[in-house]
Amino acid sequence: MPGLSGPSDYSQEPSRHPCLHINAKEPFNAEPPRSALVSSYVTPVELFFKRNHGPIPLVDDIERYCVDISGLIETPKKLYFRDIRMLPKYNVTATLQCAGNRRTAMSITRKVKGVGWDVSAIGNAVWGGAKLADILELIGVPKLTSCTQSGGKHIEFVSVDKCEEENGGPYKASIPLSQATNPEADVLLAYEMNGEPLNRDHGYPLRVIVPGVIGARSVKWLDSINIIAEECQGFFMQKDYKMFPPSVDWGNINWNTRKPQMDFPVQSVICSLEDMQSIKPGMVRSLCIHGFIKVRISGYAVSGGGCGIERVDVSIDGGKTWMEATRFQKTGIPYIADGISNDKWAWVLFELTVDIPQSTEIIAKAVDSAANVQPEKVQDIWNLRGILNTSWHRVHVRIGHSNM
């Protein structure tokens with residue numbers, strides 16, 4: 001498209017932060033150390049996970065860059081970048097999470113297919129841009145519309161990047177028109193991340209942000225928007241990112257039996273401790289008192305669809321007993337699930353300081369404001385693509401005492 005192009009090779013990739021753990025080099029997929037996630041409520045851009053399906057697009061001429069809007073509408077329109085920036089700007093704090101977050105742990109139970117991720121294929125950012133509902137209104141689609149006069153019921157977002165799964169074609173995904181035209185859904189055409197222009201890895205110059213939904217629907221490097229009658233028929237909507245039961249394998253799968261995954265389930269992860277970590281006084285904010293080691297446990301909890309986090313429970317004895325952790329978002333503002341001052345699309349950080357007398361298994365599980373709770377065992381939610389591993393998060397720690 002004019003002004004923006006998708007390279008056919010990886011010779012012009014951007015630079016990345018050296019602390020990122022690279023899970024795949026081409027296309028580039030990487031995540032930060034888990035401890036970095038709880039260092040701040042808003043994730044720094046350079047530490048935000050990178051999820052790509054092809055070479056990173058290049059902007060040739062920002063003045064020529066535009067988005068074509070067409071399909072089942074009466075007045076197709078071409079919107080230039082400058083036109084979008086002239087619309088009212090909104091800042092939305094929202095957590096993006098790859099559906100494959102924690103896939104590596106699921107693959108230990110049974111092998112799955114996909115890029116391996118630890119627990120950091122997730123990040124929280126302040127996204128700035130125009131609301132999609134405002135843009136659609138410009139072309140004659142009123143707010144809170146579920147079907148256009150021509151029968152359009154879905155909004156398809158098409159990127160410029162080239163994907164092997166699409167036989168060299170672009171990445172694309174869709175959401176229902178009713179969601180796109182609802183101002184309260186906060187769907188954005190975003191051009192800023194944490195107060196700065198998007199960088200190349202995160203969709204420069206323009207991307208979609210669909211809060212509360214798996215990251216696969218927040219299309220980057222936007223080329224066009226199509227109003228269509230049925231959901232997008234692209235690979236990543238129809239033959240990926242669908243939730244199947246453990247009984248389905250590659251020999252009996254029928255992709256047509258499941259709808260594309262949208263909202264992500266309730267999730268929590270311990271970030272202050274690594275699995276199989278040895279703890280001594282002075283490490284990870286620990287202190288030895290009367291033979292016990294006092295340890296600070298912290299992490300994130302999040303749920304899709306705008307649900308708040310009602311509770312985060314932590315066990316230091318393998319699930320026999322539980323304690324409730326403190327939850328927070330912004331410093332100095334008490335967090336109440338679904339409270340009016342909350343960022344409803346964003347994660348909640350949690351922390352709890354405990355006395356640990358011996359080596360043990362520490363577990364975290366969250367409950368959202370709709371009373372959904374994480375499943376106990378990963379075996380119960382195993383699926384061949386390894387998506388949506390929201391089982392109880394467990395870390396095993398070994399206690400070592402200082403000679404001092």
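The values are calculated or read from the model by the stated rules, or taken from the named source; none is laboratory data. Fair warning: this is a prediction, and the values are worked out from it, not measured in the lab. With ideal geometry, Cβ positions are generated from the backbone for all residues, glycine too; neighbour counts draw on all protein chains shown. SASA here: full protein model, heavy atoms, side chains in, ligands and nucleic acids out. Shrake-Rupley method; radii C 1.70, N 1.55, O 1.52, S 1.80 Å.
Give me the 1.4 Å probe accessible area per residue for the chain, excluding ligands and nucleic acids, in Å².
Details: 17120 Å² over 404 residues.
That works out to 42 Å² per residue.
First obtain the Kirkwood hydrodynamic radius of the range 93-141 from its Cα pairs, then insert it into the Stokes-Einstein equation at 10 °C and 1.306 mPa s, and state the resulting D in µm² per second as a whole number. Provide the component values of the computation, followed by the final result.
On the way: Rh = 13.5 Å.
Approximately 117 µm²/s, per Stokes-Einstein.
Excluding residues on the same chain fewer than 8 positions from K153, give the lysines whose Cα lies under 17 Å from its Cα. Of all the lysines, those that pass the test against K153 - Cα under 17 Å, at least 8 places apart if same chain - are K143, K172, K259.
Can you pull the percent of Cα pairs in the range 38-126 with separation above 17 Å? Tail of P(r) above 17 Å: 70 percent of Cα pairs.
Given all pairs of different Cα atoms, what value in angstroms does the Kirkwood hydrodynamic radius of the range 271-397 take? Present the calculation step by step, with values, prior to reporting the outcome.
Details: mean 1/r = 0.0639 Å⁻¹.
Across the range 271-397, the inverse of the average 1/r is 15.6 Å.
Summarised as an ellipsoid, the range 23-80 has semi-axes of 34, 16, 13 Å, derived from the eigenvalues of the Cα gyration tensor scaled by 5 and square-rooted, with the largest first.
One equal scatterer on each Cα of the range 97-252, no solvent, Debye formula: the resulting log10 I(q)/I(0) at q = 0.11, 0.14, 0.16, 0.17 Å⁻¹ is -0.49, -0.77, -0.98, -1.08.
Percent of accessible area on the range 339-381 owned by carbon and sulfur, 1.4 Å probe?
The computed percentage sits at 46.
Of the options [x] 90, 32, 17; [y] 38, 22, 21; [z] 49, 33, 18, only one is semi-axes √(5λ) of the Cα gyration tensor in Å as computed from these coordinates, and that is [y]. Restricting the calculation to Cα atoms, the range 186-282 yields a radius of gyration followed by a Dmax of 18.7, 61 Å.
Given the DSSP H assignment, sum -39500 (n - 2.57) over each helix run of at least 4 residues in the chain and divide by its residue total; what's the result at 222 nm in deg cm²/dmol, nearest 500?
Calculated mean residue ellipticity at 222 nm is -1500 deg cm²/dmol.
The amide H of Q97, built 1.01 Å from its N in the peptide plane, has G215 as neighbours under 5 Å, considering only residues 5 or more places off or on other chains.
Kirkwood Rh, Cα Rg: Rg to Rh for the range 27-182? Can you show the working numbers first?
On the way: Rg = 18.4 Å, Rh = 18.3 Å.
The Rg/Rh ratio comes out at 1.01.
If you build the Cα gyration tensor of the range 191-349 and take the root of 5 times each eigenvalue, what three semi-axes come out, in whole angstrom, biggest first?
On the way: eigenvalues 273, 106, 54 Å².
Semi-axes, largest first: 37, 23, 16 Å.
Tell me, what is the percent relative contact order of the range 135-277, built from C-alpha pairs under 8 Å that lie six or more residues apart? Walk me through the numbers before you get to the answer.
Values: 235 pairs, mean separation 34.8, N = 143.
24 percent.
A full extension of the chain between Q233 and S40 corresponds to an added length of 65.7 nm, given 0.36 nm per residue minus the alpha carbon distance. Which residues in the range 159-200 have a backbone N closer than 14 Å to a point placed 7 Å from the Cα of S146 along the Cα-to-Cβ line? Only 176-182 fall inside the zone, counting backbone N under 14 Å.
To put it simply, the accessible area of the range 1-51 at a 1.4 Å probe is 53 percent carbon and sulfur. Where the alpha-carbon atoms of the range 135-175 are placed on the principal axes, they occupy 36, 18, 14 Å, in descending order. Relative to the current alpha-carbon distance between D355 and I253, full extension at 0.36 nm per residue lengthens the span by 32.0 nm.
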